[in-house]
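Participant: Quick one: the structure is below, and I'll ask about it shortly.
The values are calculated or read from the model by the stated rules, or taken from the named source; none is laboratory data. Keep in mind that this is a model prediction, so the values were computed, not measured. Neighbour counts run over all protein chains shown; Cβ positions are idealised from the backbone, glycine included.
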Amino acid sequence: MIVLGIETSCDDTAAAVVEEGPRVLSSIVASQVETHRAFGGVVPELASRRHIEALSAVVEEAIAGAGIAPGRIDAVAATRGPGLVGSLLVGFSFAKGYAWARGLPLAGVNHLEAHIHALFLEDRPPAYPFVSLLVSGGHTALYLVSSPFGMELLGQTRDDAAGEAFDKVAKMLGLGYPGGPLIEKLARCGDPHRFPFPRPALDQSGFDFSFSGIKTAVGRLIERLPSLSEGDAADLAASFQEAVIEVLVAKLLRAAAARGCPRIAVVGGVAANGPLRRRTEQAARECGIEAFLPPPRWCGDNAAMVAAAGLHLLRAGYRCGPESGVFSRSG
Ligand code: KG4
Ligand code: ZN
């Protein structure tokens, strides 16, 4: 089976062609970063408009890049939610039209499940079960994953997502958008131990997270400093990143230990963060368990992970009908 995947849940317009395996034949991601940069974050109305403008060409490019005739596509998979409703509607409505015009089956994919399916796009996928940390701009959650769609929620953030905290701290430092990669870069020449930011929820036994406290502590510190030198900014970025990573990795390991699970994974946009990747791998080695992280290009939003999740749904007989809609929130 060859599946066309479509992803428009936030600010990336993405299409991919994936065949059974899964094997990625092509993956195109058209970023809207330039559109939203001036606003320091994603503007939902602008995001929907950009998706409308870009999607047809992105789909055509993905099919051409796969080196197949359009008639070889057997099915379509598109993100139904969670995400920005206007953005989701553009991609999902396009997918419905594309599928029905050609008599193809359509699968509606959950964006969070798709992030986990990114683990299966490369050679060394994890065996089930594994405990996965999903860290993105919209979500931070821990799941026990026992089958392609068997995800048990173990804990989640009570306020900001980790990626959102990166973006907000970057904004406070005047770095720009999206903040994650910019904080990571600045942190390289900073001292991660200069500012002892709080490690929220680390002392609590559950698996929930909270990042608004760290973000507020960074804001207060910036206000208190008489001026913010380049060195201060780098130390601040490094100390913030260190606090977030420490909490993420500690909770992930704790959840794996509590469930007696010998495999952990980290997925989502923030999983592209180098120090987080290294710390996860190091911690897993020390505990004698295995760590799995998608390569950075499959961490951020893309349509290959959507098509990979769609392949499972389609094989299991799930189909979306004309009445199917999108949803903004999970659960
Ligand atoms: O998964 P994703 O592309 O979109 C959502 O589903 O939210 O994640 C985007 C988030 C943004 O908050 C971005 O700042 C963060 O991932 N991010 C990073 C890095 N690269 C992207 N955060 C920390 N370090 C990075 N290298
Ligand atoms: Zn995402």
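Participant: Yes or no: region 266-276 includes at least one residue that is polar (S, T, N, Q) and more than 30 Å from residue 86 (Cβ to Cβ).
Facilitator: no
Participant: List the number of the failed condition for residue 118; all other conditions in (1) under 20 Å from residue 298 (Cα atoms); (2) surrounded by fewer than 24 Cβ atoms within 10 Å (Cβ to Cβ); (3) hydrophobic (A, V, I, L, M, F, W, C) hold.
Facilitator: With respect to (1) under 20 Å from residue 298 (Cα atoms); (2) surrounded by fewer than 24 Cβ atoms within 10 Å (Cβ to Cβ); (3) hydrophobic (A, V, I, L, M, F, W, C), residue 118 is out only on (2).
Participant: Of the residues that make up region 211-221, is at least one touching a residue at least 60 places away in the same chain (Cβ under 8 Å), in contact with a strand residue (DSSP E or B) (Cβ under 9 Å, 6 or more places away or on another chain) and surrounded by 20 or more Cβ atoms within 10 Å (Cβ to Cβ)?
Facilitator: Yes.
Participant: For region 291-306, indicate whether the set of residues that are over 27 Å from residue 66 (Cα atoms), surrounded by fewer than 16 Cβ atoms within 10 Å (Cβ to Cβ), more than 15 Å from the chain's Cα centre (by Cα) and away from ligand 2 (no atom under 16 Å from the Cβ) is non-empty.
Facilitator: Looking for residues that are over 27 Å from residue 66 (Cα atoms), surrounded by fewer than 16 Cβ atoms within 10 Å (Cβ to Cβ), more than 15 Å from the chain's Cα centre (by Cα) and away from ligand 2 (no atom under 16 Å from the Cβ), one finds none in region 291-306, hence no.
Participant: Pull up region 135-156, narrow it to residues that are within 15 Å of ligand 1 (Cβ to nearest atom) and among the hydrophobic types (A, V, I, L, M, F, W, C), then point me to the one that is nearest to residue 293 (Cα to Cα).
Facilitator: 135
Participant: A follow-up question, please. Would you be able to tell me the number of residues in region 170-196 that are buried (at least 22 other Cβ atoms within 10 Å of the Cβ), under 30 Å from residue 256 (Cα atoms) and more than 16 Å from ligand 2 (Cβ to nearest atom)?
Facilitator: So the count comes out to 2.
Participant: Let me ask something else. Kindly indicate whether residue 225 is in contact with a helix residue (DSSP H, G or I) (Cβ under 7 Å, 6 or more places away or on another chain), free of Cβ contacts under 8 Å to residues at least 12 places away in the same chain and more than 15 Å from residue 179 (Cα to Cα).
Facilitator: Here the answer is yes, as residue 225 does meet what is asked.
Participant: If you take the residues in region 170-187 that are outside any helix (DSSP H, G or I) and touching a helix residue (DSSP H, G or I) at 6+ places or on another chain (Cβ under 8 Å), which one is farthest from ligand 1 (Cβ to nearest atom)? Show your work before the answer.
Facilitator: Step one: of region 170-187, the residues outside any helix (DSSP H, G or I) are 173-178.
Checking the rest, the ones that are also touching a helix residue (DSSP H, G or I) at 6+ places or on another chain (Cβ under 8 Å) come to 173, 175-178.
Numbers: 173: 13, 175: 11, 176: 11, 177: 8, 178: 4 Å.
Checking each candidate, the answer is 173.
Participant: Same structure again: Residues of region 282-322 being assigned to a helix (DSSP H, G or I), farther than 16 Å from residue 248 by Cβ, away from ligand 1 (no atom under 15 Å from the Cβ) and in contact with a Lys or Arg (Cβ under 9 Å, 6 or more places away or on another chain), which ones?
Facilitator: Of everything in region 282-322, just one residue is assigned to a helix (DSSP H, G or I), farther than 16 Å from residue 248 by Cβ, away from ligand 1 (no atom under 15 Å from the Cβ) and in contact with a Lys or Arg (Cβ under 9 Å, 6 or more places away or on another chain), namely 313.
Participant: Mind listing whichever residues of region 130-169 are of a type in the set (A, V, I, L, M, F, W, C), buried (at least 24 other Cβ atoms within 10 Å of the Cβ) and more than 14 Å from residue 265 (Cβ to Cβ)?
Facilitator: Answer for region 130-169, where residues must be of a type in the set (A, V, I, L, M, F, W, C), buried (at least 24 other Cβ atoms within 10 Å of the Cβ) and more than 14 Å from residue 265 (Cβ to Cβ): 162, 165, 166, 169.
Participant: Which numbered condition in (1) under 20 Å from the mean Cα position of the chain (by Cα); (2) more than 15 Å from ligand 2 (Cβ to nearest atom); (3) touching a residue at least 40 places away in the same chain (Cβ under 8 Å) is the only one that residue 95 fails?
Facilitator: Unmet for residue 95, out of (1) under 20 Å from the mean Cα position of the chain (by Cα); (2) more than 15 Å from ligand 2 (Cβ to nearest atom); (3) touching a residue at least 40 places away in the same chain (Cβ under 8 Å): (1).
Participant: Return the pairs, sorted by first residue and then second, in which the second residue is more than 14 Å from ligand 2 (Cβ to nearest atom) and part of a loop (DSSP other than H, G, I, E, B), the first residue lies in region 136-150 and is without any contact (Cβ under 8 Å) to a residue 60 or more places away in the chain, the beta carbons are less than 7 Å apart, and the residues are 6+ apart or on different chains.
Facilitator: 146/128; 146/129; 147/128
Participant: Could you say which residue among 271, 265 is within 14 Å of the chain's Cα centre (by Cα), part of a helix (DSSP H, G or I), within 16 Å of ligand 1 (Cβ to nearest atom) and modelled with pLDDT of 95 or more?
Facilitator: Of the residues listed, the single one that is within 14 Å of the chain's Cα centre (by Cα), part of a helix (DSSP H, G or I), within 16 Å of ligand 1 (Cβ to nearest atom) and modelled with pLDDT of 95 or more is 271.
Participant: Considering each of 123, 159, 167 in turn, give the residue that is out of contact with any strand residue (DSSP E or B) (no Cβ under 8 Å at 6 or more places or on another chain), closer than 30 Å to residue 261 by Cβ and within 16 Å of ligand 1 (Cβ to nearest atom). Explain how you work it out, then say what you get.
Facilitator: Numbers: 123 fails: within 16 Å of ligand 1 (Cβ to nearest atom); 167 fails: closer than 30 Å to residue 261 by Cβ.
Result: 159 is the single residue among 123, 159, 167 that is out of contact with any strand residue (DSSP E or B) (no Cβ under 8 Å at 6 or more places or on another chain), closer than 30 Å to residue 261 by Cβ and within 16 Å of ligand 1 (Cβ to nearest atom).
Participant: So if I check each of 53, 113, which one is of a type outside the set (A, V, I, L, M), touching a residue at least 12 places away in the same chain (Cβ under 8 Å) and part of a helix (DSSP H, G or I)?
Facilitator: Being of a type outside the set (A, V, I, L, M), touching a residue at least 12 places away in the same chain (Cβ under 8 Å) and part of a helix (DSSP H, G or I) holds for just one of 53, 113, which is 113.
Participant: Can you tell me which of (1) more than 16 Å from ligand 2 (Cβ to nearest atom); (2) in contact (Cβ under 8 Å) with a residue 40 or more places away in the chain; (3) in contact with a Leu (Cβ under 6 Å, 6 or more places away or on another chain) is the one residue 319 doesn't meet?
Facilitator: (3)
Participant: Step by step: first the residues of region 1-48, then only those that are assigned to a helix (DSSP H, G or I) and either under 20 Å from residue 98 (Cβ atoms) or touching a residue at least 60 places away in the same chain (Cβ under 8 Å) (or both), then the one that is farthest from ligand 1 (Cβ to nearest atom). Which residue is that?
Facilitator: For region 1-48, the residue satisfying everything is 48.
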